[in-house]
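The values are calculated or read from the model by the stated rules, or taken from the named source; none is laboratory data. Everything numeric in this text was worked out from a predicted model, so none of it was measured. Glycine also receives a Cβ, built like all others from the backbone with ideal geometry; neighbour counts cover every protein chain displayed. We work out accessible area using only protein heavy atoms, side chains counted, and drop any ligands, DNA or RNA first. Shrake-Rupley method; radii C 1.70, N 1.55, O 1.52, S 1.80 Å.
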Amino acid sequence: MERILTVNNSLKGVQHKKTALYVLIVYIIMQVSGRWLLLPFHKFVMNTTGLSHEQAAPITQGWYIALSFAIALILSLILTTRDKTFWDVYQGKKESIPLTIMWGILGFFLVFFGQMIGAAIEMAVFGIEGGSQNTADIVAIAKGAPIAILAIVVFGPILEEFVFRRVIFGSLVQTTNFWVAAIVSAIFFALIHFDFSHILLYTICGLIFAFLYHKTKRIWTSIIAHIMLNGFVTLVQLNAEPLQKFLQELQKMQ
């Protein structure tokens, strides 16, 4: 009986690794697909809408981001659904749903304040000004094609949590320890955003997301915090001008 259980556990481990590898491959293909597909898609948008190159650019990028993230997420969900034990990273009881939601909301504030601390360190030590060019570019695309907001706020965070928290962190934490797994996954999470001047901020986010997953043993905890963070940043960026005018008027009144 013990030998049968050992064989079954071994087979489950192999299946976990295959599923994790497939999800990672899907994510990588999604990230690099724009090199080959974005230009033909851009020409298709220009031909069907009659827009100029400059007018079609944000629409093309926005729709391509939304479609590519949606397809990658659907494929990842199919892969993980077929592997019934894929999410069994931790032994023992998982946190309850209410506490999972609570930790997800709390996680948003932890990430928010973590970013504030990181920004202060970047400014004091490295002289790096606030504001992310990567975020600004993505929001500019969202203004041209609002459909991209779905990818920024929903599809992206879920897919990134699948990849960086479950696939990378979840695989490493089973063979190393929390800190090794969290640091490695957080660094990869920071690098994939290609905003190297603010790599500290993204690394802090990755560490906190890993802590949330580790704390509750549920991936939805880090997903909730990630969605709330992206949603908040997007909301602020899209309404930056009205907010600035409001603050100016408030200062005049004072």
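Quick notes on this structure:
- Residue count for the range 209-235 under the criterion of being part of a helix (DSSP H, G or I) and among the basic types (Lys, Arg): the result is 1.
- Figure legend. Inter-residue proximity from the range 166-194: first residues open to solvent by less than 10 Å² (accessible area, probe 1.4 Å), second residues of a type in the set (Lys, Arg), beta-carbon distance below 7 Å, spacing 6+ or different chains. Indicated pairs: Ser185/Arg165.
- A search for C-beta distances below 8 Å between a residue of the range 77-97 that is more than 21 Å from Thr175 (Cα to Cα) and any residue that is assigned to a loop (DSSP other than H, G, I, E, B) and modelled with pLDDT of 90 or more, counting only pairs 6+ apart in sequence or on different chains, returns Glu95/Lys217; Glu95/Arg218.
- Of residues in the range 127-160 being free of Cβ contacts under 8 Å to residues at least 12 places away in the same chain and more than 16 Å from Pro58 (Cα to Cα), the one surrounded by the fewest Cβ atoms within 10 Å (Cβ to Cβ): Gly127
- Extreme residue, nearest to Phe155 (Cα to Cα), among residues of the range 34-71 that are of a type in the set (Phe, Trp, Tyr) and open to solvent by 100 Å² or more (accessible area, probe 1.4 Å): Trp63
- Residue in the range 154-161 that is within 22 Å of Thr234 (Cβ to Cβ) and β-branched (Val, Ile, Thr) present: yes
- Top-ranked residue of the range 113-126 - restricted to ones that are under 22 Å from the mean Cα position of the chain (by Cα) and either open to solvent by 70 Å² or more (accessible area, probe 1.4 Å) or basic (Lys, Arg) (or both), ranked as nearest to Thr216 (Cα to Cα): Phe113
- Number of positions in the range 83-93 that are surrounded by 15 or more Cβ atoms within 10 Å (Cβ to Cβ) and of a type in the set (Lys, Arg): 0
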